[in-house]
Amino acid sequence: MANPPPLLESLTVDGVRTLTLNRPQARNALSKALMAALQDALDQAAEDPTVRVVVIAGQGPVFCAGHDLRELRGEPNEAAHAALFAQCSRLMTTIVRLPKPVIARVQGLATAAGCQLVASCDLAVAARRASFATPGVTIGLFCSTPMVALSRAVGRKTAMEMLLTGRPLDAEEALARGLITQVVEEAELAAATDALARVLADKSPLTLAIGKEAFYHQIDLPLDEAYAYASAVMTRNMQTKDAAEGIDAFLEKRPPRWTGQ
């Protein structure tokens, strides 16, 4: 008897690790098992020095349809639901705190927790046919946890419109509202995402880790506190070997040689 296909596919090429949700028959819904697999893969990527960038993709026509509603209704007790939403929150927080850039490669619909997944990633490249929605309100389950990521990625009015109405944004509107960073034709999606990943992979991994952590830390601080924190980070960054190498390489008009120190 053949083994079932893995819930998550992983492929690493030249420092870019692509993690592909592989439940196309279930619209890549985030079951507990799929979230666990993605969590483990992200934890491994964080510790693997050969991984410079992570791409999250989806198999099939849908990027991710959110939580597995059959699974949610299959365990209709408060403890099970609390554990599942805590698991999802930990997963999304891991993406934000991963010391490496994370890019969503969105080929189709991203809804509810799937939209949350896109919003949690640092960057997102989408096919023109992709769409984004938080439609939980239409089934009596407000998208409260997706709201956390969504409200940090787009303006308040856009977030509230999506959350209160459930209306989907097409790719062009999602780009204009700041939810994604690039729209391309479907045939160009993989190449465009890879090109963006290559740009990031060529940077100092230490500098990217410092900068990503600093960005998410300062974003909710009062202005004076944000500047004080950012000044301290930049001072610390200046003491690294990669900063010295990068500046010297720029002045000497040569490519930098990063050491990650």
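Over the chain, the Kirkwood radius and the radius of gyration, each from Cα atoms, give a ratio Rg/Rh of 0.99.
For the chain, give the percent of accessible area contributed by carbon and sulfur heavy atoms, probe 1.4 Å, rounded to a whole number. Exposed carbon and sulfur together represent 59 percent of the surface. Multiplying the residue separation of L223 and R257 by 0.36 nm and removing their Cα-Cα distance gives an extension gain of 8.7 nm. Over all directions, the projected convex hull of the C-alpha atoms in the range 1-80 averages 6.9 nm² in area. The rule of thumb for compact globular proteins, 2.2 N^0.38 Å, goes into the C-alpha radius of gyration of the range 33-107 1.23 times. Descending by average beta-carbon neighbour count within 10 Å, the peptides 95-105, 147-157, 69-79 line up as 95-105, 147-157, 69-79, the highest first.
In the range 110-261, inverting the average of 1/r over every pair of distinct C-alpha atoms gives 17.7 Å as the Kirkwood radius. Taking a sphere under 12 Å around the Cβ of A201 and counting the other residues whose Cβ falls inside, with K and R at +1 and D and E at -1, yields a net charge of +2. Across the alpha-carbon set of the range 194-244, the Rg to Rh ratio works out to 1.06, Rh being the Kirkwood radius. Distance from the alpha carbon centroid of the range 155-186 to that of the range 98-119 works out to 13 angstrom.
Remark: the chain carries 52 Å² of accessible area per residue (probe radius 1.4 Å; ligands, DNA and RNA excluded).
The values are calculated or read from the model by the stated rules, or taken from the named source; none is laboratory data. Being a predicted model, the structure only gives us computed values, none of them experimental. Ideal geometry is used to build each Cβ from the backbone, glycine not excepted, and the neighbour counts take in all protein chains shown. The area values use the complete protein model at the heavy-atom level, side chains included, leaving out ligands, DNA and RNA. Shrake-Rupley method; radii C 1.70, N 1.55, O 1.52, S 1.80 Å.
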